[in-house]
Amino acid sequence: MLYIVSTPIGNLEDITLRALRILKEVDYIACEDTRTSWVLLKHFDISKSLISFHSHSGKAKTDKVLDMLKNWKKVALISDAGTPWISDPWYVLVRDTIQAWFEVVPIPWVTAAITALSCSGLPINHFLYLGFLPLKKWRQTLLTRLSEEKKETVVIYESVHRIEKTLSDLETYFWKEHQIVIGRELTKKFEQFIRGSIWEVQEYFCNNPWKLKWEFVILF
Ligand code: SAM
């Protein structure tokens with residue numbers, strides 16, 4: 001059995017009772033970065049064999065997990081934060097596990113996109129989740145299409161390295177007055193929602209450059 005276990009996106013109190021039970025019960029925990037997961041597991045006094053499994057893990061790693069499942073072992077999959085699969089590199093393992101006829105069980109809870117949407121104040125009956133915007137040629141195509149066709153709230157992820165570039169691209173493809181919301185450091189000590197026009201948000205970061213740190217969800 002392979003469990004896809006959501007872990008907190010910042011605040012460790014956000015872990016669920018079921019996630020804790022499953023992490024204690026399984027034989028192995030596959031994780032993106034063993035150092036990051038070790039901190040989480042230590043906090044909850046969970047000691048397990050960890051297998052690193054990340055975007056560069058090849059077929060050999062997937063086969064290793066499948067071998068464990070064949071030997072009736074229980075494996076939990078966690079990412080560095082939030083729900084594995086949501087802009088994380090788990091797709092191949094889950095696909096191959098399903099194809100090998102093993103059960104895949106979701107242990108759900110939090111994801112940064114939904115957390116940001118819930119307090120955005122934007123319409124969220126329908127939304128379009130795009131994860132990280134592509135970096136190269138598809139970026140322009142996608143932004144052009146969004147500026148022409150977008151009807152629902154769009155959610156994207158952004159890192160500290162590209163937040164300014166992405167805001168500047170949004171300013172190019174949308175009106176300066178287009179309203180956006182940025183969820184920053186969600187569930188953490190310095191959680192912040194920044195709301196306003198693209199231009200106002202850029203101005204805010206210009207005046208408060210130290211706020212250009214850590215992790216962001218952009219909604220527009
Ligand atoms: N699996 C995660 C989830 O369920 O949301 C997403 C992982 S993705 C590799 C990392 C990106 O998620 C960050 O660059 C940021 O855009 C977003 N993110 C994750 N945690 C966040 C937080 N606490 N506050 C704001 N954004 C966050």
Cross-link table LYS176/LYS213; LYS151/LYS188; LYS61/LYS188; LYS136/LYS165; LYS61/LYS137, entries beyond 21 Å C-alpha to C-alpha: LYS176/LYS213; LYS151/LYS188; LYS61/LYS188; LYS61/LYS137
Computed label-point distance, nm, for sites VAL92 and ILE46 using a 7 Å Cα→Cβ extension: 2.5
DSSP beta bridges in the chain [antiparallel fraction, %, rounded to 5]: 45
Average accessible area per residue (Å²) across the chain - probe 1.4 Å, nucleic acids and ligands excluded: 57
Rounded percent of accessible protein surface that carbon and sulfur make up, the chain, 1.4 Å probe: 56
Model label zone, SER159; criterion: amide N under 19 Å from point 7 Å along Cα-to-beta-carbon; scope region 55-81: 55-58, 79-81
Sum of -39500 (n - 2.57) over DSSP H runs of 4+, divided by residues of the chain (222 nm, nearest 500): -11000 deg cm²/dmol
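The values are calculated or read from the model by the stated rules, or taken from the named source; none is laboratory data. Remember, it's a predicted structure, so these values are computed and weren't measured experimentally. For neighbour counting, all protein chains shown are included, and Cβ atoms are generated from backbone atoms with ideal geometry for every residue, glycine included. Remember, those area values only see protein heavy atoms, side chains included, never the ligands or the DNA or RNA. Shrake-Rupley method; radii C 1.70, N 1.55, O 1.52, S 1.80 Å.
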